[in-house]
Every structure is written in C-alpha cells, then in structure tokens.
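For reference, the structure discussed in these notes is given below.
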Amino acid sequence: PVWSVGCGILGASEAHLSLWTILYGALLMFLIGPLVLGMGQSINDYYDADVDAINEPDRPCAKYPKLFKKLALTNVAVLSLAAMAIAYLAFRIEIFYLVVAGLLIAVGYSMPPLRFKQNGWIGNASCALTYVTLPWIAGLLAFTQFDTGTDHSRFCLRHRI
C-alpha cells in the first residue's frame, strides 16, 4: 500500500519534488500503511483468534485469549480513530472518504456475517481495493484534482479496478 500511495503521488502532475511533497506524502503513507491496514490486520486477528489458537498454540491468542481479543479490539479502535482524525484534519475530504471506505472494507473482510475472505472473488477484490486501488487514488488526490473526465481517472479505472 505504501508503494501504491507513492505511485499515485508520482502520477499527480502537481506533485513537485520538494520537502513539502516528501513530508505530506510520508504522512499519507503512514496513514494508509500502519494505521488503516494495521487496523485491518488487528480486526482479522480478533475474528481469527480461535482458529489461530488451534493452529499455532504458542501464540499469545492461544495462551491469553481474553486479553488478546481485548487488546486487538483496543488496537482496532485506536488505529481507526487515529486514521480518521489524520485523514480529516490533514487531507482533502475525498481522502477521508477513502480512509473510511478502507476501514469498512477491512471490517467486512473479517467480520461475520460478511466475512469477504470466505468468497474468493469478493475477498480478493477487497484486498486489491484496500492494498492497491484506494491507496493509489489517495496518493493521486493528495496532489491533484481527480475529475472523472481526466486521463488520471481513466488510467486508474482501466488498470486497477
């Protein structure tokens, strides 16, 4: 996802190499990588803790299941709130919407009854959206307007979705 953000930034015609571009891009990479996708990993750990405890009995989820689930949910809450706050305060509203979409897809990937990962098509599509497409669009949006009639949007739709 971090590289996808970088590709979006490089594709933005208004992104000039400067300290501001590097710092703003790094903040976006931090937002998408550790915060949004970290939340997705945590919610997946929460819902898969019982299966992981059976398959890997030496993991903390097997030794301390209640504590593990509590910490996973705390991590989900902290990362989600931090991601939405940074997206709302530091970036355009469209990037905030992309972050919220990424968080919702991550929850749907693991949470019953949706559990996108049980269906190969839906699970893979949700991974592609959250790991490649949404971060790339966010990188592009950080430095350029994303009008549906532009070459940027046509290129994005043609090659990523």
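No value in this document is a laboratory result; all are computed from the given coordinates. None of these values were measured; they are calculated from a predicted model.
How large are Rg and Dmax for the range 1-77 when calculated on the C-alpha trace, in angstrom?
My reading of the Cα-based Rg and Dmax gives 17.8, 52 Å.
What would the Debye equation give as log₁₀ I(q)/I(0) for the range 49-122 at q = 0.21 Å⁻¹, counting only Cα atoms as equal point scatterers?
-0.98
Quick one: 3J(HN,Hα) in Hz for the range 125-142, Karplus 6.51/-1.76/1.60 with θ = phi - 60°, rounded, Gly and Pro as x.
5, 5, 5, 4, 5, 7, 8, 10, 5, 4, x, 5, 5, 4, x, 5, 5, 5
How big is the Cα convex hull of the chain in projection, averaged over all directions, in nm²?
Here the figure is 10.3 nm², rounded to one decimal.
Explain nothing, just compute: Karplus ³J(HN,Hα) = 6.51 cos²θ - 1.76 cosθ + 1.60, θ = phi - 60°, for every residue of the range 112-120 in order, whole Hz, x for Gly and Pro.
Computed from phi, the couplings for the range 112-120 are x, x, 5, 6, 3, 5, 6, 10, x Hz.
Give me the percent relative contact order of the range 20-105, please, defined on Cα pairs under 8 angstrom at least 6 residues apart.
Answer for the range 20-105 is 32 percent.
Using amide H atoms built 1.01 Å from N in the peptide plane, name the residues 5+ places from MET111, or on other chains, whose amide H lies under 5 Å from its own.
Under 5 Å from the amide H of MET111 lie the amide H atoms of PHE116, each far enough along the sequence or on another chain.
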